[in-house]
Amino acid sequence: MPMVAQNLLETDVKDEKGRVQSEEMVLSMGPHHPSTHGVLRLEVVTDGEVVVAARPDIGYLHRAIEKIGEYIDYRKFMPYTDRVDYICSMNSNHAYALGVEKLLRDSIKDFKVPLRAELMRVMVAELNRISSHMICVGALAMDMGAYTPFLHGICHRELVNDIFEEVCGARLTYNYMTIGGVSYDAPPGFIDKCDQFADYLWPKMVEFNELITSNSIFQERLCHVGVVSREQAINWGLVGPNLRGSGVKWDVRKDDPYSIYPLLKFDVPIGDGGDPKGGNPRGTLGDCYDRYVIRVQEVFESIKIVKQICAMMRENEKLPADHPDRLYQARLPGRLRVKRGEVYVRSENPRGETGYHVISDGTDIPLRLKIRTGSFTAMNCFEEVTRGLLIGDVIAVIGCFDVVLPEVDR
């Protein structure tokens, strides 16, 4: 036996029978750990390979976005919403716009967002949902040791970015939506490109499923790991795919609809702990695998929505050019003054319900702006969910909850 190893063994703490006593160790995972995909630091307490506790240490990305919102006018805050969740900036734009517009309806008579603007909003929001889920499921597969699915996900996401670049000139933080509509109308060929992308992506997602979703090693890494029961998910305030992965059928687009979502047909996938077709169960309801599968299924639902929006936009373009439903921006005064009041509006972002609580004091600057995000609530359950897991399983938990740190540090 090597001298170093022998010396280490001699210094181990032993009981009266000569058995080695375990000893807890505190490890710092992050903020630069490759599996955090951001600046999350976990303080992990381990007993050997077993996790005793994993406590999130947040604040490394805090930029006081909510406080900034109380110093600039309503329109100027829109670019900051891109930074609340830079993986799905379009959806963040949409959530904020909905909040301010609800206030404006009490201040401006007959205020209404034009139909074409609503169509463009939902189109880019669903495309952004697809690209966000591609990052999540691809990165999760990479964290589990499968690098190829990540490249597939990035490839599909880049096609979405190409479409966004034509629409607004940006590929990450878009500042596309405005109070009352969108910044630019659909460019020539936009509808056809979205239609073609939807047709392209459906078989590619079937291929993605064959590549990794049904992979036995991938399933072994995720099944029965990080289980969150239905009751726990509700009590912890989980939202979005993390909530639906535990079997709770709640989607703001369906249950508290906004924009034109009531006109669209799509399903809300929920976790079942087993095969979606009713076959033999793979894992436990609410485990990491369920949360992964929900996001893959949601990509298919977003493709359905994109196809429907394409058809609706083609009908919209048949209207006369001066028709109110052909506008992409509502006519608003140069300076937005809203009446005193407050609203809370929520939307279904890729990471779940995002809510904006806006309080107005009658000026063109909010008195208070509060943002509710899905990633912040997901962080609350990390310590409980990871207790008793192996260190390698903590990586699976981080990946399947799809936490994006700008949503946590605001």
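Numerical summary
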quantity	calculated
Any helices (runs of 4 or more DSSP H) falling wholly within region 228-268 and containing at least 1 residues that are under 16 Å from T377 (Cα atoms)	230-235, 240-244
Selected residue [polar (S, T, N, Q) and either touching a His at 6+ places or on another chain (Cβ under 9 Å) or at positive phi (or both)] from S107, S92, S131	S131
Long-range neighbours under 7 Å by Cβ, at least six apart or interchain, first residue under 13 Å from G286 (Cβ atoms) within region 241-258, second among the β-branched types (V, I, T) and open to solvent by less than 10 Å² (accessible area, probe 1.4 Å)	P241/I294; R244/I294; G245/I294; S246/V228
Count - residues of region 374-403 that are crowded, with 24+ Cβ neighbours inside 10 Å and either closer than 17 Å to M142 by Cα or without any contact (Cβ under 8 Å) to a residue 60 or more places away in the chain (or both)	8
Which numbered condition G59 misses (of (1) at pLDDT below 95; (2) at negative phi)	(2)
Where a residue in region 204-231 is of a type in the set (V, I, T) and its partner, wherever it lies, is open to solvent by 40 Å² or more (accessible area, probe 1.4 Å), with Cβ under 7 Å and at least six apart	V227/T284
Selection within region 66-104 - in contact with an Asp or Glu (Cβ under 8 Å, 6 or more places away or on another chain) and not in a helix (DSSP H, G or I)	D73, Y74, D85
Number of the exception - A53 against (1) assigned to a loop (DSSP other than H, G, I, E, B); (2) small (G, A, S); (3) open to solvent by less than 10 Å² (accessible area, probe 1.4 Å)	(1)
Pairs with Cβ under 8 Å, 6+ apart, first in region 134-151 and within 19 Å of C88 (Cα to Cα), second open to solvent by less than 10 Å² (accessible area, probe 1.4 Å) and in a loop (DSSP other than H, G, I, E, B)	C136/P350
Residue pairs meeting the criteria (Cβ under 7 Å; at least 6 apart or on separate chains; first free of Cβ contacts under 8 Å to residues at least 24 places away in the same chain, in region 308-337; second surrounded by fewer than 17 Cβ atoms within 10 Å (Cβ to Cβ) and not basic (K, R))	L319/D325
Residue list for region 56-90, filter: of a type in the set (V, I, T), open to solvent by less than 50 Å² (accessible area, probe 1.4 Å) and closer than 25 Å to G226 by Cα	I87
Helices (runs of 4 or more DSSP H) contained entirely in region 141-226, each with at least 2 residues that are modelled with pLDDT of 95 or more, crowded, with 17+ Cβ neighbours inside 10 Å and of a type in the set (A, V, I, L, M)	148-168, 190-208
Test: I108 is assigned to a loop (DSSP other than H, G, I, E, B) and surrounded by 16 or more Cβ atoms within 10 Å (Cβ to Cβ)	yes
Pairs where the first residue, in region 55-70, is more than 22 Å from V385 (Cβ to Cβ) and among the small types (G, A, S) and the second is open to solvent by 40 Å² or more (accessible area, probe 1.4 Å) and outside any strand (DSSP E or B), C-beta under 7 Å, 6+ apart	G69/Y80
Cross-chain or 6+ apart pairs with Cβ under 8 Å, region 289-300 first and in contact (Cβ under 8 Å) with a residue 40 or more places away in the chain and over 11 Å from P350 (Cβ atoms), then open to solvent by 10 Å² or more (accessible area, probe 1.4 Å) and part of a helix (DSSP H, G or I)	Y289/Q219; Y292/T213; V293/T213; V296/N209; V296/T213; F300/W202
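The values are calculated or read from the model by the stated rules, or taken from the named source; none is laboratory data. Keep in mind that what you see is a predicted model, and the values were worked out from it rather than measured. Cβ sites come from the backbone with ideal geometry, for glycine too, and all protein chains shown count toward neighbours. Each accessible area value is taken on the protein alone, full model and side chains, heavy atoms only, with ligands, DNA and RNA left out. Shrake-Rupley method; radii C 1.70, N 1.55, O 1.52, S 1.80 Å.
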